[in-house]
Amino acid sequence: MRKILVLEDDENIRLGLCHILKVNGYEPAAAGRLAEARALYAGCSLCLLDVMLPDGSGVDFCREIRKSSDVPVIFLTCVDDSTRIAGALDVGGDDYVIKPFDTTVLLARIKAALRRCGAEELPEDLDLTAIERELAEYFRMNKNRILTREQILAKLWDSRGEYVNDNTLSVRINRLRAKLEKAGNGRIVTVKGVGYKWEER
């Protein structure tokens, strides 16, 4: 199940978004403030960000995200202003939705963003363990970007709350690589002395 960050300070809208996502097969991670969003962000496959928040801006948060991830970002805004929308997209946003929004349109935008970023669900018949699936999704969300071992270890620690050491990581990546190669679902390439990156087939 794809985990989606919902950063929205209006409680009614936030609850409504979470309900929409749940009934359509997504797992919402709800936050009303930037501080909460930063704690929930790890492990999310897509971010829905309100632009104006009590403790900052969704645009600034997107800028933070883009320093380390290509995870899809869709802005939710009540301001239909081309200059502000362009500015939000310039910092790395993938799309925007004007509030009040149509549920069908929002879901279509989410699916399109996941598809463009190579973050669609991996086939269930790949028979991946939970941590292997999480690793694969992290690589796919950052396709063609080199991820260091330190970044990968930190990601697993943040999202799962369990310790994974360097040797264990090597074993897990090798097992995942073998399963992906057999299924033809992309591949994990070793960048000697630096880390790994995902390449589409």
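The values are calculated or read from the model by the stated rules, or taken from the named source; none is laboratory data. From a predicted model like this one, the values you see are computed outputs, not experimental measurements. Cβ atoms come from the backbone with ideal geometry, glycine included; neighbour counts cover every protein chain shown.
Take the residues in segment 37-86 that are touching a residue at least 40 places away in the same chain (Cβ under 8 Å) and either of a type in the set (Asp, Glu) or in contact with a Ser or Thr (Cβ under 6 Å, 6 or more places away or on another chain) (or both), then tell me which one is farthest from residue 140 (Cα to Cα).
This residue is 50.
Name the pairs whose Cβ atoms lie under 9 Å apart, with the first residue in segment 131-157 and free of Cβ contacts under 8 Å to residues at least 12 places away in the same chain, the second assigned to a helix (DSSP H, G or I) and among the aliphatic types (A, V, I, L, M), and 6 or more positions between them or separate chains?
133/126; 133/176
Among 109, 116, 149, which is the only one that is closer than 30 Å to residue 86 by Cβ and either touching a strand residue (DSSP E or B) at 6+ places or on another chain (Cβ under 8 Å) or at pLDDT 80 or above (or both)?
109
Return yes or no: is residue 138 modelled with pLDDT of 85 or more, within 17 Å of residue 66 (Cα to Cα), of a type outside the set (A, V, I, L, M, F, W, C) and not in a loop (DSSP other than H, G, I, E, B)?
No; evaluated as a whole, the condition is false for this residue.
What are the residues in segment 4-14 that are in contact (Cβ under 8 Å) with a residue 12 or more places away in the chain and either among the basic types (Lys, Arg) or over 21 Å from residue 114 (Cβ atoms) (or both), if any?
9, 10, 11, 13, 14
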